[in-house]
1. Picking from A:82, A:164, which residue would you name as being over 28 Å from residue A:52 (Cβ atoms), in contact (Cβ under 8 Å) with a residue 60 or more places away in the chain and either touching a helix residue (DSSP H, G or I) at 6+ places or on another chain (Cβ under 9 Å) or part of a strand (DSSP E or B) (or both)?
2. For the range A:58-76, which residues satisfy the criterion of being in a loop (DSSP other than H, G, I, E, B) and closer than 27 Å to residue A:90 by Cβ?
3. Residues in the range B:177-188: is at least one at pLDDT 85 or above and farther than 14 Å from residue B:127 by Cβ?
4. Is there a residue being in contact with a strand residue (DSSP E or B) (Cβ under 9 Å, 6 or more places away or on another chain), outside any helix (DSSP H, G or I) and more than 14 Å from chain A (Cβ to nearest Cβ) anywhere in the range B:294-311?
5. Scan B:250, B:226, B:267, B:209 and give me the residue that is closer than 27 Å to residue B:129 by Cα, touching a residue at least 12 places away in the same chain (Cβ under 8 Å) and out of contact with any helix residue (DSSP H, G or I) (no Cβ under 7 Å at 6 or more places or on another chain).
6. Which residue out of B:241, B:200, B:249 is within 20 Å of residue B:303 (Cβ to Cβ) and crowded, with 20+ Cβ neighbours inside 10 Å?
7. Give all pairs with beta carbons closer than 6 Å in which a residue from the range B:31-50 that is within 13 Å of chain A (Cβ to nearest Cβ) and on the phi > 0 side of the Ramachandran plot meets a residue that is buried (at least 19 other Cβ atoms within 10 Å of the Cβ) and outside any loop (DSSP other than H, G, I, E, B); count only pairs at least 6 apart in sequence or on separate chains.
8. Might you check whether a residue that is within 14 Å of chain A (Cβ to nearest Cβ) and over 30 Å from residue B:147 (Cα atoms) occurs anywhere in the range B:270-277?
């Protein structure tokens, strides 16, 4: 019969030779292989102490961005929520009051901004949709949690630290991007 | 009456009691670190790191494992026969520990004007004693498997028993060849002969190989772990056991491994003899006590090499099929051992 693929290989059903029946040579060969593996480099990364670097295009947890003066960039236009295929983003807009110009960059801002990390598929479409560069995906992934509620991230979790008052934390949260 | 009590050598009693205590604790300690070593060796052979969280290099892992076993719920199945169920692991542990009584761990220490022998009992039928105790070891498996009242456990018990009976024959025959050369059943005499002449592995390579294979089978180690085949019997005879009763079974296996390594080293590899050195002349130079310590170190180095070998084989060779196991035992090892015995006998006779 014509074999269906070029990779087909007939099973060898020849009776074992005396040398093969002795088993011991084959066992010695196997043992030399396992012994050789004792000195091989271990691919394991000791996770909490050592972390593998993320790729620069990795899409992890979201960050709500601030501008150089520490004002929130988000204007609550809702384009991210519309773009989101998983419908993970909800927000409530509010109007900036006089005297809050140092807090919010635009006249309208997000009073409430929530992302459900269990729904989020980390596609990055929100980042693409945002006209104000207010949201981007960072290089960290969502940590585990005991409740579903814990995965709904509000503004306090999402907002990047203020670059004016907390420059170190800001630099750390910003990472290698932008 | 009073005088006979006083005439008794009380120091000897004390000496032996202390020695028994030390040897039992050392065997348990070694067994503890064998579990750690096993996991490390397995990991390294599979390009992993092994336990490395508890203490530096995972050195406290056995303690954590032991604590875990102690904290587990102790379950005795309702349908089990309770007495036998508890007896099983105890018996396994007892027989594992008993074998170490006749192994000479070193020549002797000279302390407080006494020669303190590093052997619990120098019985003149040492090897027979070991055989007796080792063949009792199967009762731990048998009783455990039977008392569990579980079909898998029973199957495992039957497998274990038939395997040990089959391999004990070949083991005994391979030992007979050794005894024909040594002319003594006392382990100390055998070691002293090897010190004076040559290691018996040089004249009995085939006998040693057979003994080694049978020791694997007696210890229920891979490739002969038919009685606890995880994939077939779901843990086998200790399927129903939990908590420290399970720990006893697992521990007994490691103690068995330690003791059989010690016996192999004693019978074929010179026991406590320091290789390439004449122990008696060394003792004249640096004194008896340092030499005795060196001898212990030497024996333990041999034991550790054997234990590593046990693990190495375990993580290399897959388990035998049951019919292959029986075939290897009855069709290969026993004829080979018989041939070895006859050949040795002929040579001993020929050389007069």
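The values are calculated or read from the model by the stated rules, or taken from the named source; none is laboratory data. This is a predicted model, so every value here is computed, not measured. Don't worry about glycine lacking a Cβ; one is built from the backbone with ideal geometry, like all the others, and counts go over all protein chains shown.
1. Details: A:82 fails: in contact (Cβ under 8 Å) with a residue 60 or more places away in the chain.
Matching residue, one of A:82, A:164: A:164.
2. Step one: of the range A:58-76, the residues in a loop (DSSP other than H, G, I, E, B) are A:58-61, A:65, A:67-71, A:73-76.
Result: A:58, A:59, A:60, A:61, A:65, A:67, A:70, A:71, A:73, A:74, A:75, A:76.
3. No, every residue in the range B:177-188 fails to be at pLDDT 85 or above and farther than 14 Å from residue B:127 by Cβ.
4. For the range B:294-311, residues in contact with a strand residue (DSSP E or B) (Cβ under 9 Å, 6 or more places away or on another chain), outside any helix (DSSP H, G or I) and more than 14 Å from chain A (Cβ to nearest Cβ): absent.
5. Working: B:226 fails: out of contact with any helix residue (DSSP H, G or I) (no Cβ under 7 Å at 6 or more places or on another chain); B:267 fails: out of contact with any helix residue (DSSP H, G or I) (no Cβ under 7 Å at 6 or more places or on another chain); B:209 fails: touching a residue at least 12 places away in the same chain (Cβ under 8 Å).
Going through B:250, B:226, B:267, B:209 in turn, the sole match is B:250.
6. Working: B:241 fails: within 20 Å of residue B:303 (Cβ to Cβ); B:249 fails: within 20 Å of residue B:303 (Cβ to Cβ).
B:200 is the lone residue from the list that is within 20 Å of residue B:303 (Cβ to Cβ) and crowded, with 20+ Cβ neighbours inside 10 Å.
7. B:50/B:40; B:50/B:43
8. To start, the set of residues in the range B:270-277 that are within 14 Å of chain A (Cβ to nearest Cβ) comprises none.
No: the range B:270-277 contains no residue that is within 14 Å of chain A (Cβ to nearest Cβ) and over 30 Å from residue B:147 (Cα atoms).
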